[in-house]
Amino acid sequence: MRRLTKKHILGAAAFMYSMEFIADKIPYIDSTWDAISTAIRPTAGAVVGVLLAGDASTLEQAVMGVVGGGSALLSHLVKSGSRLAINASPEPASNIVASVTEDVAVL
């Protein structure tokens, strides 16, 4: 079995970022992308929370998982909710402006 290297992980991350970057600029595609991400983002946040807990006791790991998953779910709901509101506007420019603003905010 092959071992994952930094090159593989960075390549996968770059691929996923480019998909997210493009999907965010297209009205309704971004809402579909957000619907798919509703299961992925909070789960990943919970996993990160548990990993950050390290060698903590079981209760502490559970709390860290809930905090990580909860904060990821909350930020995802704010993003996807605002996108649904923006998609209701008739012109496409607001979707692109919102996406670029998010990209700049991340930097």
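Structure values in brief
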| read-out | value |
| --- | --- |
| Whether the chain is rounded, prolate or oblate, judged on the alpha carbon gyration tensor where a/c under 1.5 counts as rounded | oblate |
| Between helix 29-53 and the chain: long-axis angle, C-alpha atoms, 0 to 90°, nearest 10 | 20 degrees |
| Computed FRET value (nearest 0.05) for SER94 with MET19, which takes r as the C-beta separation and R₀ as 22 Å | 0.50 |
| Carbon plus sulfur fraction of accessible area for the chain, probe 1.4 Å, in percent | 78 percent |
| Cα-based helix-to-principal-axis angle, 6-23 vs the chain, degrees rounded to 10 | 30 degrees |
| Rel. contact order, % - alpha carbon contacts under 8 angstrom, at least six apart, the chain | 28 percent |
| Accessible area (Å², per residue) of the chain, counting only protein heavy atoms and a probe of 1.4 Å | 71 Å² |
| Inter-part distance where the range 8-53 and the range 63-107 are each reduced to a Cα centre, Å | 12 Å |
| Difference of contour (0.36 nm per residue) and Cα-Cα distance, ALA62 to TYR28 | 8.7 nm |
| The chain - mean residue ellipticity at 222 nm from DSSP helices (-39,500 (n - 2.57) per run, n ≥ 4, rounded to 500) | -28500 deg cm²/dmol |
| Options SER82, PHE21, ALA105, ranked by Cα towards positive dipole end of the chain, top entry (Cβ charges) | PHE21 |
| Simple Cβ-charge dipole of the chain, Lys/Arg +1 and Asp/Glu -1, about Cα centre, in debye nearest 20 | 460 debye |
| Angle in degrees between helix 93-106 and the longest Cα principal axis of the chain, rounded to the nearest 10 | 30 degrees |
| Charge dipole magnitude, Cβ of K and R +1, D and E -1 - the range 1-54, Cα centre, debye nearest 20 | 460 debye |
| Cα-based shape type of the range 46-107, given that a ≥ b ≥ c are square roots of the gyration tensor eigenvalues and the cut on a/c is 1.5 | prolate |
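The values are calculated or read from the model by the stated rules, or taken from the named source; none is laboratory data. Note that the structure is a prediction, hence the values are computed from the model and not measured. Virtual Cβ from ideal backbone geometry, glycine too; neighbours counted across all protein chains shown. We work out accessible area using only protein heavy atoms, side chains counted, and drop any ligands, DNA or RNA first. Shrake-Rupley method; radii C 1.70, N 1.55, O 1.52, S 1.80 Å.
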